[in-house]
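All remarks here apply to the structure that follows.
The values are calculated or read from the model by the stated rules, or taken from the named source; none is laboratory data. This structure is a prediction, so every number in the text was calculated from the model and none was measured. With ideal geometry, Cβ positions are generated from the backbone for all residues, glycine too; neighbour counts draw on all protein chains shown.
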Amino acid sequence: MKNNTLITVIACLALTLMGCPYSSSVNLGKAEIKTDNSIIKKWKQGTDYFYKVLKYDEYSYTIKKISQTTGDLSETYIGYITDIDGTKYMTVHTDGSSSPSYYFYKFEQSGTNKITLTPVTENIDETFTSPSDLFSFFKKNQKNSYFFDNDEEEYTAVEE
């Protein structure tokens, strides 16, 4: 459970630092993995931003992107974790959007303070109208070598 939560936070953080992963007007389904209080902290990747993770609800996180130099809030995201046959995905979208675009990352944890995120390739041409159809597509194709981008980002927990 801790692994899922840490990775959730980092995936949300990656949205603004990496090239955009595949996006869809539908998500992967209802958030079903509960939040983990141990990841409610500050994270960073690079030198431009910190990401402050807060509990949004029982299954989701609020991720605040904050400038390291000015302390100004740049963006706010909502994210949660989905498990598809043992592969964990972070679904993330901008908070407050009336018609959000959802972005998807495979996430993996190394130890307790480091997360690696790999975006789902943006080269998916299919359009989906239901979460169940998107979930089935991910399940069917996640073992294919083309399914994930080669870019990955590592995030590290930061003491406050």
**Study point:** Residue that is nearest to Ile81 (Cα to Cα), among those in region 150-160 that are in a loop (DSSP other than H, G, I, E, B) and under 19 Å from the mean Cα position of the chain (by Cα)
**Key:** Glu152
**Study point:** strands (runs of 3 or more DSSP E) lying entirely in region 1-90 (those with 3 or more residues that are at pLDDT below 95, within 12 Å of the chain's Cα centre (by Cα) and within 25 Å of Ser136 (Cα to Cα))
**Key:** 73-84
Study note, to complete from the structure: The residue that is farthest from Ser38 (Cα to Cα), considering only those in region 117-149 that are in contact (Cβ under 8 Å) with a residue 40 or more places away in the chain and part of a strand (DSSP E or B), is Phe148
Check your understanding: What number of residues within region 124-153 are of a type in the set (S, T, N, Q), at pLDDT below 95 and under 19 Å from Met90 (Cβ atoms)?
Key -> 1
Review point. Quick one: would you say Phe148 is buried (at least 18 other Cβ atoms within 10 Å of the Cβ) and in contact with a Lys or Arg (Cβ under 7 Å, 6 or more places away or on another chain)?
Key: yes
Point to revise | The one condition in (1) at pLDDT 90 or above; (2) over 19 Å from Pro21 (Cβ atoms); (3) β-branched (Val, Ile, Thr); (4) part of a loop (DSSP other than H, G, I, E, B) that Thr112 fails to fulfil | key: (1)
